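The values are calculated or read from the model by the stated rules, or taken from the named source; none is laboratory data. It should be emphasised that the depicted structure is a prediction, and the values quoted were computed from it without experimental measurement. Reconstructed Cβ throughout: ideal geometry from the backbone, glycine too, with neighbour counts over all protein chains shown. These accessible areas exclude ligands, DNA and RNA; they are computed on the full protein's heavy atoms, side chains included. Shrake-Rupley method; radii C 1.70, N 1.55, O 1.52, S 1.80 Å.
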Amino acid sequence: MPIKSIVKSTGGYLPEKILTNQDLEKMVDTTDEWITQRSGIKSRHIAADDQTTADLAISAGRAAFEASGLAPSDIDGVIVATTTPDQTFPSVAVKVQAALEIPAGLAFDVQAVCSGFVYALATADNFIRCGQARRILVIGAEKLSSIVDWNDRTTCVLFADGAGAIIFEGQEGADDISARGIHSTHLYADGRLRDLLYTNGGTSSTRTAGHIVMQGREVFKYAVSFMADVVNEALEENNITADQVDWLVPHQANIRILEATAKKLGLSMDKVVMTVDHHGNTSAASIPLALHEAAADGRIKQGDLLLLEAMGGGLTWGSALVRF
Ligand code: UT7
């Protein structure tokens, strides 16, 4: 029987401070009505000044770890998807490893912006299936508030902070989609589209982190088309139809993108996990946070078939079919 990477446990962390659309109305020339209509966001969490991405990642990772019933020595590796590391190096992953007292094993960060969690999940799955690791803690963590230009109303109303975590464990399972675990992953990038969403700074160019710059309307068009393509690819590869999917767990960028993707798939919105209204866009953290929230409140149950999908700067995009 083949090895499958099954979800052992999930965890999440959101900073205490909540920033509402009404708060933003006092900061930039915007309205609650505009933000709600164009993005579906009503509020988001923002980290404290002294709270770093690693702090968020450690809290989410600890929650997943405690829910797993495992010992630190049971974990072989840590992969963190982030675009906002505390430092240029070392990685956020090694800070998580040290904080959770996980013994020496692989630990590194993955940078694929909003698609980062799907890239990190695919990386962990490959390590597990080839037998190089048994259990990997995969985290998506972001402090996007530190790279947002708080005077730019076109971006500051969208992005937010948080972290989500999943521990994957290798287990033998049936060679069909009845088995728990990751069934397929599909990753893409098209670097020719990198100027649609970027930071106007970086370590080797400006020696700063820079701020997010986005051509929102253009990114929106690509998002709807790429996400629909990549979820269809996951369905085709596994010989299933959309009605067999229990939950679509999409990257939470914009409710209109979620609705358009669901419509293209013929899925009703009550099969889509939606957190963008109260989380905002937390980039690599959004999928594991959404998944954790829906698992914790009982919507997602063990055995449910989940379709994960994301799209972000690069442009990068990807999907994964997972039986929870
Ligand atoms: O997570 C990574 C992937 N990212 C995404 O998927 C984001 C994709 N893009 C989007 O979600 C949407 O394009 C946005 C939410 C960013 C923007 O919505 P939109 O309907 O595409 O609006 P727009 O950019 O076309 O702007 C429409 C108008 C503009 O005014 P004019 O030129 O029509 O006079 C903007 O200046 O809205 C104006 N505007 C605002 N007005 C009030 C832009 N930002 C704001 C704001 N408040 N915060």
Just list whichever of Lys42/Lys95; Lys221/Lys301; Lys8/Lys263; Lys143/Lys263; Lys4/Lys301 have alpha carbons separated by over 25 Å in the model shown. Lys42/Lys95; Lys221/Lys301; Lys8/Lys263; Lys143/Lys263
All-pairs alpha carbon distance profile, the chain, 10 Å steps from 0, percent: 6, 29, 37, 22, 5, 0
Is there a quick way to get the dipole size of the chain? I mean about its Cα centre, with the Cβ of Lys and Arg at +1 and of Asp and Glu at -1; what is the value in debye to the nearest 20? 200 debye
In whole percent, and with a 1.4 Å probe on the protein chains, what portion of the accessible area of the chain is carbon and sulfur? 48 percent
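Find the accessible area per residue for segment 3-172; the probe is 1.4 Å, ligands and nucleic acids are left out, and the unit is Å². Intermediate results must be reported in sequence, preceding the final value.
Values: 6780 Å² over 170 residues.
That works out to 40 Å² per residue.
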Over segment 174-324, what portion of Cα pair distances is larger than 21 Å, expressed as a whole percent? 45 percent
Ordered by packing density, taken as the mean number of other Cβ atoms within 10 Å over each peptide's residues, highest first, how do 150-163, 17-30 rank? 150-163, 17-30
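Given the Cα-Cα distance of Glu33 and Ser205 and 0.36 nm per residue of separation, how much length would full extension add, in nm?
58.1 nm
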Spatial extent of segment 3-172: Rg and Dmax, with the Cα atoms as the point set, Å: 17.3, 55
Counting only DSSP beta bridges with both residues in the chain, what percent are antiparallel, rounded to the nearest 5? 70 percent
Using alpha carbon positions and the Kirkwood radius, the Rg to Rh ratio of segment 136-206 is 1.12
